[in-house]
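See below for the structure under consideration.
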Amino acid sequence: MHYLKKLFLMLLIAVMAVSMIPAGVMAAEQDAEELDEAEASSYEVPAKGTHGFKTINGKRYYYKKDGRLATGWTRINNNRYYMGKNGIVRTGWRRIGGKDYYFNFRGRLVYKGTRTAAKEKQLAFIEMIAAGVKKHGKKYNILCYSAVIGQAILESGWGQSTLASKYYNYFGMKCGTLWKGRSVNLKTKEEYTPGTKTTIYDNFRVYKSSAAGIKGYFEFIDTARYANLKNVKNPSVYLKNIKKDGYATSSTYVQSVENLIKYNNLKAYDPY
């Protein structure tokens, strides 16, 4: 009898402990597969359609060549996606099989690892730059989004430099002779001779918003000088061309941006 009473008390304590866990924490720990069960009643799974991506009622789906709806992990053109049990292409942070993943606005896997505040901040910056690049890229025939995003990360220090955080210039663009807008004089370093950095003060372009700053990059390179960037799809070629055009003086510029593209999986943002 004493044993049964002790067992009952243990069970009662366990139930009370679970009930005290905040609902937000419980939801955060749910896997994407479990969330699918709740969403299945909210979204009508579309009928079989043509091959490729299809948007229905604001939700993206992917149909295989045989017409079947893709679910679970799916690889498409060297990019990994995760479709829920109801076929919806997942975006943003997702917890799958007890692990954290981040999928960009296209649904492509960008990051797998520990979800930290620092990583969330970095991915938010990437998404902000990527949205602007997506908006203006094709209009200016710039197709190598990964290289442009990588440049923004390097030039702005993840958006934390004074030029970026205060003046919305994410790409270190100087005024030049064509600029008629506001400017700010700041200290910078140039590498006119390989291996030797020279500190100078120069005038940089100032923008009114992040959107204007990103658009400003495409306006800056929309000249004959940078014509060799148009329609380039290879990040290495794009970066070597822009370095040769005189955009940057650093002898490690190309390699530095290439490393950022690789370690942050920025090719997942390219439109092809």
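The values are calculated or read from the model by the stated rules, or taken from the named source; none is laboratory data. Note that the structure is predicted; figures quoted are calculated from it, not measured. Here Cβ is always computed from backbone atoms with ideal geometry, including for glycine, and neighbour counts include all displayed protein chains. Note: areas computed on protein heavy atoms with side chains; ligands, DNA, RNA excluded. Shrake-Rupley method; radii C 1.70, N 1.55, O 1.52, S 1.80 Å.
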In the stretch 136-198, what percent of the accessible surface is made up of carbon and sulfur (1.4 Å probe, ligands and nucleic acids excluded)?
-> 50
Sparse-neighbourhood loop sites, trypsin sites (Lys or Arg not before Pro) in the stretch 178-248 - DSSP loop, at most 15 other Cβ within 10 angstrom = Lys180, Arg182, Lys208, Lys230, Lys233
Cross-link reach from Lys54 to lysines, straight Cα distance under 24 Å and at least 8 residues apart if same chain, gives Lys64, Lys65, Lys85, Lys134, Lys135, Lys138, Lys139, Lys267
Can you bin the stretch 173-272 into rounded, prolate or oblate? Criterion: square roots of the alpha carbon gyration tensor eigenvalues sorted a ≥ b ≥ c, rounded for a/c under 1.5, prolate for a/b above b/c, oblate for the rest.
-> oblate
Scoring the stretch 173-256 by relative contact order with C-alpha pairs under 8 Å, at least six apart, yields a percentage of 26
Which net charge results for the neighbourhood of Lys119, defined as the other residues with beta-carbon distances under 13 angstrom from its beta-carbon, given Lys and Arg at +1 and Asp and Glu at -1?
-> 0
Could you do me a favour and compute the accessible area per residue for the stretch 122-272, 1.4 Å probe, result in Å²?
-> 50
Would you work out the relative contact order for the stretch 147-187, in percent, from Cα pairs under 8 angstrom that are 6 or more residues apart?
-> 28
Under the 7 Å Cα-to-Cβ spin-label approximation, Ala117 and Tyr192 lie apart by a distance in nanometres of 4.4
Three-way shape label, the stretch 130-206, alpha-carbon gyration tensor, a/c 1.5 = prolate
